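Chemist: Sharing a structure here in structure tokens format.
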Amino acid sequence: MRILIIGSGGREHALAAVIAKSKKATELFCIGHNAGIASLTTMVSIPLCDHNGIAEFAVQHAIEFAVIGPDEALVGGLADVLEAQGIPCFGPTKVASQLEGSKSYAKAFMVRNHIPTPSYEVFTDIVTAREHLSRSSFPLVVKADGLALGKGVVIAETIEEAEEALQAMMVEKVFASSGQTVVIEEFVSGPEVSLLVLSDGTHVKPLVSCMDHKRAFDGDQGPNTGGMGVIAPNPFYSEQVAAECMESIVLPTIAALKRDGSPFVGCLFFGLMLTSGGPVVIEYNCRFGDPEAEVALTLLEGDALEILLSCRNGTLDRVPVVSRKESACSVTLASGGYPVRYEKGKVITISDLPQNTTVYHGGTTYDEQGNLVTDGGRVLHVVGTGDTLAKAIHVAYKAVDAVTYEGKQYRRDIGKRALQEEEHGSSCIHNP
Ligand code: AMP
Ligand code: GLY
């Protein structure tokens, strides 16, 4: 089978790696640039926003299945364009992707379907939004409605901070049209869980639960990033919590999308917060998380291509989706200065990697001399696995030491909070 992967970050490297292992996969192509993915596929340079160009390539190369990674492509409707050309896709339609593409749409969807989520109001003009602030208590959360590279959420401790966020989004338009509409949301707290769920539109199969580390620096300090590391399984996501989330959040979401005439085919990412009042949805993403995919796919057993195909073909109920009973830890190696300003082109060396580790490339390329060099903010995702979380973390950090380049920046505390939870338990979670 001839497969096209769309997107070229760490998530797509993990997708390419598991798909390449399938006996069914005969030839792999990938849209984008990435030295790691280039070792597994033929890379093709077409801009991700050129949907017709991608469809034309897919038709010309007799692609039999396309796997779409990035949110912009899905929210922009790439799956619809490819399907219209007869190319079966893993990835939701433009309408189903609105759950990620518009926060106000997602919030209205949840309220309509009684899916627990923090209370909110939507504003399209700054005067009314400011009036709302003057009546609110703090902290509260200001969110740009559209896609904003994970930077469109401001937790405002004071009215001044909230007004500043409104000014930036609605007047200075730092997120362009994504900030024209703003959601102002109740602030909630509790451990967060990234839950990736595969769906064929009707059936659902969850992957291993993950814990992301979004802030740039140790101790959850510094700006938000695309993700500086992940561990799985998430110790806060006990069997009891999982059962509650399936019943009150996951199944109602998939059923409502189907009822609305936009069944979800692909990976739906639930950003959950386990509050003292029970689990709530903080956000939906219409795709695999990055770097959640790197750990969830590493731990996935069986033929990943068969599983992805069954989502497209409505037969997910017939395919086992089982995660290895192990732990995994992914540490993101970023460029010095990420996420603000960073240089590219630093030569990377990877010496002997310890056993039970995998390195997925995020932003890498080869320079004119043939050296592997940095080519983005998040450069590599170093994944370790082990039969305990402590071992997975240990081996991941050993592998981190095997990688060198100038300015290598990473967090030293990935998994620390999860380990504390494993050792001491937590009293802050709701018991259903
Ligand atoms: P999002 O992009 O919506 O996932 O938001 C990014 C991060 O902001 C989340 O992972 C949370 O840590 C935080 N966040 C978002 N919404 C809320 C909320 N209503 N209350 C508290 N924290 C939030
Ligand atoms: N790691 C969070 C995301 O992919 O949005």
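The values are calculated or read from the model by the stated rules, or taken from the named source; none is laboratory data. Computed from a predicted model, the values in this text were never measured in an experiment. FYI the Cβ positions are ideal-geometry reconstructions off the backbone, even for glycines, and counts take in every protein chain you see. Note: accessible area is taken over every heavy atom of the protein model, side chains too, but ligands, DNA and RNA are not part of it. Shrake-Rupley method; radii C 1.70, N 1.55, O 1.52, S 1.80 Å.
Chemist: Look through the range 1-26, keep the residues that are part of a helix (DSSP H, G or I) and under 13 Å from H381 (Cα atoms), and return whichever of them is farthest from ligand 1 (Cβ to nearest atom).
Modeler: Out of the qualifying residues, it is H13.
Chemist: So, T117, is that one polar (S, T, N, Q), surrounded by 19 or more Cβ atoms within 10 Å (Cβ to Cβ) and within 30 Å of L74 (Cα to Cα) or not?
Modeler: The answer is yes for T117.
Chemist: Failed condition for E301, given (1) touching a Ser or Thr at 6+ places or on another chain (Cβ under 8 Å); (2) in contact (Cβ under 8 Å) with a residue 40 or more places away in the chain, with all others met?
Modeler: (2)
Chemist: Does T26 fit the bill of being of a type in the set (S, T, Y), closer than 30 Å to A148 by Cβ and touching a residue at least 24 places away in the same chain (Cβ under 8 Å)?
Modeler: Here the answer is no, as T26 does not meet what is asked.
Chemist: Being open to solvent by 50 Å² or more (accessible area, probe 1.4 Å), within 19 Å of G226 (Cβ to Cβ) and charged (D, E, K, R) narrows it down to one of E56, E72, so name that one.
Modeler: E72
Chemist: Restricting the search to the range 137-149, which residues are open to solvent by 30 Å² or more (accessible area, probe 1.4 Å), farther than 19 Å from F175 by Cα and touching a residue at least 12 places away in the same chain (Cβ under 8 Å)?
Modeler: Selection gives F138, P139.
Chemist: Can you say whether K398 is assigned to a helix (DSSP H, G or I), touching a Ser or Thr at 6+ places or on another chain (Cβ under 9 Å), farther than 30 Å from F264 by Cβ and at pLDDT 95 or above, as far as the supplied structure shows?
Modeler: For K398, the condition - assigned to a helix (DSSP H, G or I), touching a Ser or Thr at 6+ places or on another chain (Cβ under 9 Å), farther than 30 Å from F264 by Cβ and at pLDDT 95 or above - is met.
Chemist: Oh, and also: Go through (1) away from ligand 2 (no atom under 16 Å from the Cβ); (2) touching a residue at least 60 places away in the same chain (Cβ under 8 Å); (3) under 18 Å from E283 (Cβ atoms) and name the single condition F90 misses.
Modeler: (3)
Chemist: Next up: Output the number of the condition that T365 fails; it satisfies all remaining conditions of (1) within 24 Å of K24 (Cβ to Cβ); (2) open to solvent by 20 Å² or more (accessible area, probe 1.4 Å).
Modeler: Going through the list (1) within 24 Å of K24 (Cβ to Cβ); (2) open to solvent by 20 Å² or more (accessible area, probe 1.4 Å), T365 breaks only (1).
Chemist: Inspect the range 288-299 for any residue being closer than 30 Å to G377 by Cβ, polar (S, T, N, Q) and within 14 Å of ligand 2 (Cβ to nearest atom) and give the result as yes or no.
Modeler: no
Chemist: Next question, about the same structure. Name the one entry in L274, L268, L251 that is within 16 Å of ligand 2 (Cβ to nearest atom), closer than 24 Å to H114 by Cβ and either at pLDDT 95 or above or assigned to a helix (DSSP H, G or I) (or both).
Modeler: L268
Chemist: Can I ask one more? Going through the range 417-432 one residue at a time, which ones are surrounded by 15 or more Cβ atoms within 10 Å (Cβ to Cβ) and either modelled with pLDDT of 95 or more or in contact with an Asp or Glu (Cβ under 6 Å, 6 or more places away or on another chain) (or both)?
Modeler: Answer for the range 417-432, where residues must be surrounded by 15 or more Cβ atoms within 10 Å (Cβ to Cβ) and either modelled with pLDDT of 95 or more or in contact with an Asp or Glu (Cβ under 6 Å, 6 or more places away or on another chain) (or both): R417, A418, L419.
Chemist: Provide a single number: the residues in the range 155-202 that are β-branched (V, I, T), open to solvent by less than 70 Å² (accessible area, probe 1.4 Å), over 22 Å from P116 (Cβ atoms) and out of contact with any Asp or Glu (no Cβ under 7 Å at 6 or more places or on another chain).
Modeler: Selection size over the range 155-202: 2.
Chemist: Which one of the conditions (1) in a strand (DSSP E or B); (2) surrounded by fewer than 22 Cβ atoms within 10 Å (Cβ to Cβ) does H381 fail to meet, given that it meets all the rest?
Modeler: (2)
Chemist: Among the candidates S178, S194, which residue alone is within 16 Å of ligand 1 (Cβ to nearest atom) and assigned to a strand (DSSP E or B)?
Modeler: Unique residue meeting the criteria: S194.
Chemist: From C286, C329, grab the single residue that is crowded, with 24+ Cβ neighbours inside 10 Å, away from ligand 1 (no atom under 16 Å from the Cβ), within 22 Å of the chain's Cα centre (by Cα) and not hydroxyl-bearing (S, T, Y).
Modeler: C329
Chemist: I want to confirm something. Restricting to the range 342-357 and keeping residues that are at pLDDT 95 or above, assigned to a loop (DSSP other than H, G, I, E, B) and out of contact with any Phe, Trp or Tyr (no Cβ under 7 Å at 6 or more places or on another chain), which single residue is nearest to S330 (Cα to Cα)?
Modeler: N356
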